[in-house]
1. Which one of A:V392, A:V365, A:V374 is under 25 Å from A:F474 (Cβ atoms) and without any contact (Cβ under 8 Å) to a residue 60 or more places away in the chain?
2. Could you say whether any residue in segment B:133-149 is without any contact (Cβ under 8 Å) to a residue 24 or more places away in the chain and among the small types (G, A, S)?
3. Filter segment A:381-417 down to the residues that are at pLDDT 95 or above and charged (D, E, K, R), then identify the one that is surrounded by the most Cβ atoms within 10 Å (Cβ to Cβ).
4. Suppose we keep only residues that are buried (at least 22 other Cβ atoms within 10 Å of the Cβ) and of a type in the set (D, E, K, R) within segment B:56-79. Which one would you say is nearest to A:T200 (Cα to Cα)?
5. Whether any residue in segment B:79-100 is modelled with pLDDT of 95 or more, in contact with a Pro (Cβ under 7 Å, 6 or more places away or on another chain) and under 21 Å from B:P239 (Cα atoms) is what I want to check.
6. Criterion first (modelled with pLDDT of 95 or more, within 11 Å of another protein chain (Cβ to nearest Cβ) and surrounded by 24 or more Cβ atoms within 10 Å (Cβ to Cβ)) does A:G255 satisfy it?
7. Modelled with pLDDT of 95 or more, more than 18 Å from A:L175 (Cβ to Cβ) and surrounded by 20 or more Cβ atoms within 10 Å (Cβ to Cβ) - does that describe any residue in segment A:94-104?
8. Just wondering, is there one or more residues in segment A:164-182 that are within 14 Å of another protein chain (Cβ to nearest Cβ) and assigned to a strand (DSSP E or B)?
Amino acid sequence: MSTPRSDSPRRFATIVNGASLRWSDVPEWPVAAFVDATAAELDRGARLCAWFGVSEGAATRLVAVLAADAENTLSIGRSEPTSRAYPALTPRHAQAHLFEREVWEQHGLVPEGHPWLKPVRLDHGRGPAVGDFFRVEGHEVHEVAVGPVHAGIIEPGHFRFQCAGEEVLHLEIALGYQHRGVEESMAGGPGRAALVRVETIAGDSTIAHATAYASALESLSGPEPGAGEGAEAPMRAQWLRAVALELERLANHAGDLGALAGDIAFLPSSAAFGKIRGDFLNLTAMICGNRFGRGLVRPGGCRPDLELDTSLAAALLGRLRVAMAESAEAAAWLWSDSSVRERLEGTGAISREMAEEIGMVGPAVRACGIVRDVRFDHPAGWHRFAQTPVSVWPGGDVLARARVRWLEIQRSGAFLEEQLASPPEDELIAPLGPLAPYSIAVSLVEGWRGEVCHAALTDGAGLIRRYKIVDPSFHNWTGLALAMRGQAISDFPLCNKSFNLSYCGVDL
Amino acid sequence: MAELIRILQHRVRRGCETMAYPDGPAPPLPERHGGVLRLDAAKCAEGCDACVTVCPTEAIARPEGRPAALDLGRCVFCSACVGACPTGAITKSGDHRMAARARGDLLLGGPGEEEVRLAGELGATLRALLGRSLRLRQVSAGGCNGCEADTNVLGTIGWDLSRFGIQFVASPRHADGLLITGPVTRNMRAALEGAYTAVPDPKIVIAVGACAIAGGPFVGLPQVSDGAESVVPVDLFIPGCPPHPLTILDGLLRLVGRVK
């Protein structure tokens, strides 16, 4: 713990999820003091949602977005412009490790004392996985390299295992193959293609990312721009976004339970959930025509011709109930089969302490018994009025991650039952005013993989100056690597499926 | 044991859950999907460019003094142009079929080219060589997991792609061709070229989705290649963002001559 210099502000600026504030109201510290102040907040129990650089001429400001989950608040702080190097946060708080590598890659700012500084996404003309991998030396130690192209229909990434026989001593995951430049392309916007790019940051999380983007822009526009009094979408649009978000969760969780069953050759549940996943996707398609919810959310509300009237709601409910009943049956087969339980139990375990230390989010952290869910901790949009209980399960293993998914399927189903019966009367979209100049907005959404964080900073003309995107996978890939320690390498597919993280969500 | 019997009873009760298509009718597209677009450029109002300015992926152009031209390969099917068109020149047909063998067959707007020119089957030599089997290696080169997911779904019990002899295999050396998704990122280019080289000749390439056909939402960004064709020759283009599974299946079946 350390205290910032007396001439600097003592604390970070506090906001709630989905709010904005003037850039000049974000407190700033000299860079070393800023790292100290951030470490102090993290010591107090805050969590790092985002850590990124903002260019100031040739120099860079560091920005930290922290979440105090118990207090339901977010806080923002920044450093004075700095260049070349600064004392790394990672040695004190491991959850910063990938963020600091990213800042180094994007801004050339060296985090001094970072234990494993290497690129996150860029290829330097040689392919992203080229570079130093941590190696275990020893007579019987061998290395296994997998990817970027994998055996199934799946995105590319590189996995480097250090093994002693079957046992994995260490796994290092190298991503970056999917880098499309989404974040960089947002500068100077919002442009015409911004929304479709946001929708495809991670294409299975379209609603989560589009909602985070739309909410950030909405809070930057409106009657009192930049003063925490931004506009918000009409209630009916917020309600529809919440409905679509749970449909997205249902489809992906059902798919994951099926994939887990498939990996352990338990075909009844694998076949059933494979079909049910499609049934849930088709519910989203009933609302907007697209199975992944493309085009449903837009800044200012939702697409106005996608009215969800009483008869459509009734049709949705009817099909939802069928899919929920089939899910219950397929899940019961899983839990009642002792060979399934035996295969999942104790596999790929992460301790609660480890999950806290590396800043995990989503079902993976709730499977370590930790209550952490944006819908509950930082309710915004429709979740201010309609909340879903947080689903936790102890153990941190593959079984716990599967169990949390099943609990969440049930809660999402109950949420939709309730919501589809009582839509609020309102418009679906309200025109978005110009964005406030020199302001920053932060928006968090609990996607099916966990916390989606978007931060939008505007320039003097009200255009996007810096747009920061943090997919939940950015927090969780380290969790998968740690879960593999001491496991048989043949358990990797099972552990990987139990996390089911996004490659393009990290690569952006 | 009791559980096993319950599972077997369930299977008997449900029977075969695979759709009748293509022998029976195709399942309907979601009502709000709208299917493939049609462009009657003759209906375009003088000097109107309402569709051009709303398209997020610059799929529509209207050169000075000429009618509008719509590139279905770039289209993400957001319907913005349909809503913006004052004369009803751009319409939704409701048809799921939109796969084409040549890139130019996806360009709409010219006289007699109001609709997509649908794909025909592979040449006789290749068809004879492949017999009743088509094995593909999937390569995601910047795909967002949308096209990947809706390709994967063809393996589930409702679609059961393997009944057509079409399978996705783990190694390019075991494959007759590649199915590519994503705009081809700079960072995946070498891996894609490697996978293509590893497929034995003669080989086919299928580009699935707006990204793989033309860069999709990422068209023009310096980190991507604007589609698979910039790296390897492409034999089949399946538009969409992502294409509906039925659209992908239709494309694959056209290629092997099961649907004409």
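1. Numbers: A:V365 fails: without any contact (Cβ under 8 Å) to a residue 60 or more places away in the chain; A:V374 fails: without any contact (Cβ under 8 Å) to a residue 60 or more places away in the chain.
After ruling out the rest, the residue left standing is A:V392.
2. Narrowing segment B:133-149 to residues without any contact (Cβ under 8 Å) to a residue 24 or more places away in the chain: B:145.
Applying the additional criterion that residues be among the small types (G, A, S) yields none.
Among the residues of segment B:133-149, not one is without any contact (Cβ under 8 Å) to a residue 24 or more places away in the chain and among the small types (G, A, S), which makes the answer no.
3. Taking the candidates together, the pick is A:R401.
4. Step by step, filter segment B:56-79, then rank; the result is B:R74.
5. Yes: segment B:79-100 contains one or more residues that are modelled with pLDDT of 95 or more, in contact with a Pro (Cβ under 7 Å, 6 or more places away or on another chain) and under 21 Å from B:P239 (Cα atoms).
6. On the way: modelled with pLDDT of 95 or more: yes; within 11 Å of another protein chain (Cβ to nearest Cβ): yes; surrounded by 24 or more Cβ atoms within 10 Å (Cβ to Cβ): yes.
It is true that A:G255 is modelled with pLDDT of 95 or more, within 11 Å of another protein chain (Cβ to nearest Cβ) and surrounded by 24 or more Cβ atoms within 10 Å (Cβ to Cβ).
7. No, segment A:94-104 contains no residue that is modelled with pLDDT of 95 or more, more than 18 Å from A:L175 (Cβ to Cβ) and surrounded by 20 or more Cβ atoms within 10 Å (Cβ to Cβ).
8. Our first condition is that a residue be within 14 Å of another protein chain (Cβ to nearest Cβ); within segment A:164-182, this holds for A:174-182.
With assigned to a strand (DSSP E or B) added as a condition, the list becomes A:174.
Looking for residues that are within 14 Å of another protein chain (Cβ to nearest Cβ) and assigned to a strand (DSSP E or B), one finds at least one in segment A:164-182, hence yes.
The values are calculated or read from the model by the stated rules, or taken from the named source; none is laboratory data. The structure displayed is predicted, hence computed values, not measured ones. For neighbour counting, all protein chains shown are included, and Cβ atoms are generated from backbone atoms with ideal geometry for every residue, glycine included.
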